[in-house]
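Report on the following structure.
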Amino acid sequence: MNYFKQVILGLIILSSTSSFAQNNYERSMQAMIKGDYRTAVTQLEKADTKTPDNAKILQMLGYSYFQNGQYEKCIETYSRLITVKPTEVSAYYYRGKARLNIANDPKESLNSMRENFYTASIKDFTKAIEINGEEDTQMFQNRGLAYKDYAIFRSYKAKKKDEKTACIALFNNSISDFQRVLTMQPLRKDIIDWVAYDKAQIASLK
């Protein structure tokens, strides 16, 4: 079973204890099973208030925020989880995805923080890969996408040779991660297409 499916399944089937603000916790589990993440957020926020810095509640709350598209709250919650449990792979992974989604949001196009979201996203995926210690296609795919999107962002204003060289390096990093995915899943047409896209972008910068 895929690692991240295991994480979510584990969150859903966790047995509640008295330390979890039991009623809110149980209601949040029921809501997550139904895919009702808005209700899950409401219940988990109450549980978080009653039992702050509980790793399992923070993990479920961060994931529910992510599913609701509440990316800034997702980032904040997973950052709290990392403080409590620094080796939690899913915290880095979903915080990275949330940061990448914010960076790619058209509303962020004029935000001076956009580049910081790209670089922070890449760092999160890299940390998740480092901690996980296994070849996981989702991790490499998402870091590859982050490298690609960051390279595209920087290429728009790349005029000088060194700026173009930096963009090419990012596209090459993207290709490298995509190739790792293809090593494990060689028939992934979407990944093959992204590799071709990266190579075309590199050619345009030379």
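The values are calculated or read from the model by the stated rules, or taken from the named source; none is laboratory data. Keep in mind that what you see is a predicted model, and the values were worked out from it rather than measured. Glycine also receives a Cβ, built like all others from the backbone with ideal geometry; neighbour counts cover every protein chain displayed. Heavy atoms of the whole protein, side chains included, go into the accessibility calculation; ligands, DNA and RNA do not. Shrake-Rupley method; radii C 1.70, N 1.55, O 1.52, S 1.80 Å.
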Hey, among the residues in segment 180-191 that are assigned to a helix (DSSP H, G or I) and open to solvent by 80 Å² or more (accessible area, probe 1.4 Å), which one's nearest to GLU135 (Cα to Cα)? ARG180
Pairs with Cβ under 8 Å, 6+ apart, first in segment 104-132 and within 13 Å of TYR92 (Cα to Cα), second modelled with pLDDT under 95 and surrounded by fewer than 19 Cβ atoms within 10 Å (Cβ to Cβ): ASN132/TYR3
Residue ID - nearest to LYS127 (Cα to Cα), chosen from residues in segment 70-86 that are of a type outside the set (Ser, Thr, Tyr) and open to solvent by 40 Å² or more (accessible area, probe 1.4 Å): PRO86
Conditions first: (1) surrounded by fewer than 17 Cβ atoms within 10 Å (Cβ to Cβ); (2) more than 21 Å from TYR93 (Cα to Cα); (3) of a type in the set (S, T, N, Q). SER155 passes all but one, so which condition is the exception? (1)
Across segment 136-174, what is the number of residues that are among the β-branched types (Val, Ile, Thr) and closer than 17 Å to GLY96 by Cα? 1
Looking only at segment 102-132, which residues are part of a loop (DSSP other than H, G, I, E, B) and surrounded by 15 or more Cβ atoms within 10 Å (Cβ to Cβ)? ASN104
Given (1) open to solvent by 40 Å² or more (accessible area, probe 1.4 Å); (2) part of a helix (DSSP H, G or I), index of the condition GLU135 fails: (2)
